Amino acid sequence: MGTGWMEVVTNSAMVYIDDVRLQEDLAINPAQFFRRMAMYVDLAIPMLNRPPELAAYLKEGLVKPEYEDFEWESTQASTGQETVVETGVTGYALCACVIREEDRHGNVTLRPYPEAVYQEETGAVTFPAQDRAGISYMLDFYNDGHFAGELTPSQLRLLGMAVAIVWDERFSRNWLNMQMKIHDSSFSTVNESTYTKEITARLRSNRAAFSDELWKYEQDCAYTKHVPPGRQKLV
């Protein structure tokens, strides 16, 4: 088994994204976090297309992630004893459980609940005796995707940059961000035209930097392919 998508996200993409909100999501529900980030990894893979052999190498034998989810609410019977919940979800390496709470204003908060124990072979999740009935639990299951081979540090770096670009560009296509805002005495914003231009310039700069890195990688591949190993250090 080659390099996993979780490694791509945590060891490379997160370095470039550097968003504290993602770090919080990872701490609360790692299975759901990697499920969401898998979408960006999937979209980023085709960007590594120079040299063309790289794209073929990444796609050959590629195994994409698998995921499932399940919900359970504590009952009165579960307050007096340990409860085994049969989820029917088997064979997952990662299971994350969180408590879902909603206040009277409709605001939802999630808290990790590590006390739930998942049996990968049977799909059973064991909950300790509950404090009360009506506690809502969300369970997310995740099996990592992986490449057929081990990515080199350069390949891992390029893929991390590509994931960060895809993640960042999602804002520029957000419908709400593209709408004109109402300005009055209670609300003001930066000049929208300037803001849009700055965002566009930043995205173009990131794309250009990635293109340069991809070009350098292509040149390195050509160099190592055509220069004899004994002379590489002299060229």
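The values are calculated or read from the model by the stated rules, or taken from the named source; none is laboratory data. For clarity, every value in this text was computed on a predicted model and none was experimentally measured. Reconstructed Cβ throughout: ideal geometry from the backbone, glycine too, with neighbour counts over all protein chains shown. Ligands, DNA and RNA are excluded from the accessible area calculation, which covers all protein heavy atoms including side chains. Shrake-Rupley method; radii C 1.70, N 1.55, O 1.52, S 1.80 Å.
General remarks:
- Every residue from the range 182-235 that is open to solvent by 80 Å² or more (accessible area, probe 1.4 Å), modelled with pLDDT under 90 and in contact with a Lys or Arg (Cβ under 8 Å, 6 or more places away or on another chain): Phe187
- Leading residue by the ranking (nearest to the chain's Cα centre (by Cα)) among those in the range 95-105 that are crowded, with 18+ Cβ neighbours inside 10 Å and not small (Gly, Ala, Ser): Cys95
- Scanning the range 106-156 for residues that are open to solvent by less than 20 Å² (accessible area, probe 1.4 Å), of a type in the set (Phe, Trp, Tyr) and assigned to a loop (DSSP other than H, G, I, E, B) yields one hit, Phe147.
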